[in-house]
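A short write-up of the structure that comes next.
Just so it is clear, none of the values below were taken in a lab; they were calculated from the coordinates. All values derive from a computational prediction rather than experimental measurement. Every residue, glycine among them, receives a Cβ derived from its backbone with ideal geometry; neighbour counts consider all protein chains shown.
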Amino acid sequence: MTALFEHPEIVKLRSALDALKSVGGAKEEGGRRAAVALIFRAGESRAPELLFIKRADYPADPWSGQVAFPGGREEAGDANLADTALRETREETGIDLRNDGTVIGTLDDLRPQTTGLPAIIVRPYVVLLKRADSLLLSDEVALAFWVPLEELRQAGSWRDTSVFARGIQLTARAFHHEGHVIWGMTERILAQLLALLD
């Protein structure tokens, strides 16, 4: 964990998140609320890696089969949206961020841009993982994978891509990694994160 906290990219990210917080980025109100966790671990080379999940295929899920960050909708028992992100992460991946993680900040709230998606406001939390045990994926998650931060910053992995959403083909900016296509709200959250490091 100390190595992760002291990694130059994480030091830079923490500073940028602190500045974002001090500016008091206006948080949107109204609509159903949700939260996701952008979880970093120290990879084999001690360099930061970010966790992604692929959602299982469910006909009723508008984000069915898409690559995402762990997270979900706020529930009545959640004390706040941070609690939502931590609870959903544990349910979906088995990672106990309350004991094994440190929240270092939040990105700006986002809403879906595609018509026909639920009216929801998503708050992304950036978390550093103290230890990376084996993942215990729920039925809601088809698979999970870690991507080195260095790869996320490679311009050649980003391009306009044809994707399908609810039976409609559209062109979207996407990040490509080992056959996975990261687009939509997840891509927007990722782009916001990377902008803090530029």
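Before moving on, here are some points about what is shown:
- Taking other residues whose beta carbon is less than 10 angstrom from the beta carbon of Glu150, and scoring Lys, Arg as +1 and Asp, Glu as -1, yields -2.
- Legend: translational diffusion of region 2-152 by Stokes-Einstein, Rh = Kirkwood radius over C-alpha pairs, 10 °C, 1.306 mPa s; D = 99 µm²/s.
- In range of the label at Ala56: residues from region 126-152 whose backbone nitrogen is under 11 Å from the point 7 Å along Cα→Cβ: 137-143
- Fully extending the segment from Leu170 to Ala19 would add 50.8 nm, taking 0.36 nm per residue of separation and subtracting the current Cα-Cα distance.
- Mean Cβ neighbour count within 10 Å, used as a protection proxy, ranking 144-151, 84-91, 103-110 highest first: 84-91, 103-110, 144-151
- Cα-based equivalent ellipsoid of region 120-198: semi-axis lengths in Å, sorted from largest, via gyration tensor: 22, 18, 14
- Other residues lying with their Cβ under 14 Å from the Cβ of Asp96 contribute a combined charge of 0, Lys and Arg counting +1, Asp and Glu -1.
- About its Cα centre, region 2-152 has a charge dipole of approximately 300 debye under the convention of +1 per Lys or Arg Cβ and -1 per Asp or Glu Cβ, with nothing else charged.
- Exposure proxy ranking, count of Cβ atoms within 10 Å, fewest first, for Arg173, Arg159: Arg159, Arg173
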